[in-house]
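The values are calculated or read from the model by the stated rules, or taken from the named source; none is laboratory data. As the structure is a computational prediction, the values presented were derived from the model and not from experiment.
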Amino acid sequence: MRTTRTPRTTPDPRPGRRMRRLVAVGAVLATTLAAAGVGTAAPAGAATVGAPTGLRLTAGNQHVSVAFTPPVLPAGTTARNYEASFTSSAGARWSSWIPARPDDATSPVRFGGLPNGVTLHLRLRVVTTTGRGAPSVMSAPFTPSAIAPTATTTTTRPPVTTTTTRPPVTTTTTRPPVTTTTTR
């Protein structure tokens with residue numbers, strides 16, 4: 001029977017040196033396990049679930065609504081909900097996965113409890129009856145706000161010309177174009 005020895009670390013007067021040795025040992029172990037096929041294969045019969053695409057975001061007061069194209073699901077799998085992970089640092093650090101509330105397996109989904117005035121990005125993934133799907137690509141930036149965005153609608157009607165003829169007089173009247181602007 002062959003025994004393996006656990007590598008020993010000795011205190012090193014240079015800061016960080018011991019941690020580098022431990023990380024190196026961990027990398028060697030991970031490479032060895034991967035080469036042996038340990039922990040790399042999906043369970044028999046399991047299919048991977050893709051990521052949602054085409055994210056379209058609408059930010060509101062402490063929330064964001066996300067419309068999307070759902071991933072294709074393997075036969076026998078149904079979507080139960082969606083989860084999002086958020087970052088304010090353009091992807092350097094991500095939050096834990098947060099489920100949509102209420103549970104919703106259709107587009108759009110809503111995520112609340114977000115800080116107003118902070119620019120965020122998100123990733124979205126599906127939660128299915130067999131597990132979780134792959135995360136989407138990072139979204140465009142959005143900023144929740146207590147102030148509702150304004151929508152301005154401008155309608156312009158063409159000029160109106162009216163001609164009235166009563167012998168012996170003909171009268172022509174032209175009204176200027178009418179422009180109406182509504183801001184909500």
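Structure notes:
- Screening Thr129 on (1) within 20 Å of Ala59 (Cα to Cα); (2) among the hydroxyl-bearing types (Ser, Thr, Tyr); (3) at pLDDT 85 or above shows it passes everything except condition (1).
- Within segment 132-184, considering residues that are over 30 Å from Ile98 (Cα atoms), among the basic types (Lys, Arg) and in a strand (DSSP E or B), the one modelled with the lowest pLDDT: Arg157
- Members of segment 88-115 found to be assigned to a strand (DSSP E or B) and among the small types (Gly, Ala, Ser), listed by number: Gly112
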